[in-house]
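All remarks here apply to the structure that follows.
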Amino acid sequence: MNRKARRWGGAALIAGMGMVVAFTRPETATTQLAGTAPVTVMNTPLPVALQGTGSITGNVNAAQSGPWSVGVTTLPAVQLAAGTTVAINGGSVAFDDPARQAYVVELCAAYDDECSPGASETTLPVGTRFVIEQASGYCKVINLAIDGWEVRAPLNGQNHSYEIRDKISADDDESTNGLFFQQTRIYADGGGVNGLSVQLIEPHSGETHTFGPHASCKITLSGYLVQTSPAFPATP
């Protein structure tokens, strides 16, 4: 009886161990490769620093940082017309016209046309126009009074007169000198014989004294010549 009972007990023990092994069989483990697992980031967007080469799609907001400057290269050359004035830092620069030629004439205007030394008229070069920008000099009178002198200049076939004031007088055998300086803009065409001339304005005297009446003005006209095209007056 005891031997049979031990056999059944051993069989039951073996069967029980088999069931435990069956229920405790290990399951196969799943391994994720590095870098392939999904990641969820909260509170986006986050600042991202780009290193290397990349591309951005959509709109990008940019803000200026510091003063901006623009560099321009290969600009075409700029040519300024003669007589152009350009403002620079509140001032100005006048560009000389190479066609202008500085020119000065010295003349004399005298009472009774008695200029000594000097002449009261001159001939300007053919094909030019004398632009008079300044008149300067002095006048002297003895026992005489004058209101000044005038310039007679031809322009486009017509003669024109321009008065320069230097009103002085003297009597009782005394003399008076008067300086003058005046900026002008007088045009005189060349080519005509003795086309440019000067003369006194209405000299008048009182009583004749020992030295008699005398008046003369030494005149310097300065400016520049410009070429006229076609030449004026026309060459015969």
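The values are calculated or read from the model by the stated rules, or taken from the named source; none is laboratory data. Keep in mind it's a predicted model, so treat the numbers as computed, not measured. With ideal geometry, Cβ positions are generated from the backbone for all residues, glycine too; neighbour counts draw on all protein chains shown.
Within the range 204-221, residues that are part of a loop (DSSP other than H, G, I, E, B) and of a type in the set (Gly, Ala, Ser) have Cβ atoms under 6 Å from residues that are surrounded by 14 or more Cβ atoms within 10 Å (Cβ to Cβ) and modelled with pLDDT of 70 or more in these pairs: SER205/ASN143; SER205/LEU144; SER205/PRO213; GLY206/ASP171, counting only partners at least 6 apart in sequence or on another chain. Contact map, the range 156-174: first residue free of Cβ contacts under 8 Å to residues at least 40 places away in the same chain and surrounded by 11 or more Cβ atoms within 10 Å (Cβ to Cβ), second residue aromatic (Phe, Trp, Tyr) and not in a strand (DSSP E or B), Cβ cut-off under 8 Å, separation 6 or more or different chains; pairs are ASP173/PHE211.
Kindly indicate the residue of the range 195-214 that is at pLDDT below 90 and in contact with a helix residue (DSSP H, G or I) (Cβ under 7 Å, 6 or more places away or on another chain) and also farthest from ARG100 (Cα to Cα) among those meeting that condition. Here the residue is PRO213. Can you name the residue in the range 134-155 that is farther than 22 Å from TYR103 by Cα and not hydrophobic (A, V, I, L, M, F, W, C) and, of all such residues, is surrounded by the most Cβ atoms within 10 Å (Cβ to Cβ)? Among residues in the range 134-155 that are farther than 22 Å from TYR103 by Cα and not hydrophobic (A, V, I, L, M, F, W, C), the one surrounded by the most Cβ atoms within 10 Å (Cβ to Cβ) is ASN143. Here the strands (runs of 3 or more DSSP E) wholly within the range 38-155 that include at least 2 residues being on the phi < 0 side of the Ramachandran plot and either modelled with pLDDT of 70 or more or in contact with a helix residue (DSSP H, G or I) (Cβ under 6 Å, 6 or more places away or on another chain) (or both) are 101-110, 128-155. Screening the candidates THR184, THR122, THR128 for the property of being surrounded by 14 or more Cβ atoms within 10 Å (Cβ to Cβ), more than 34 Å from the chain's Cα centre (by Cα) and among the hydroxyl-bearing types (Ser, Thr, Tyr) yields one hit, THR122.
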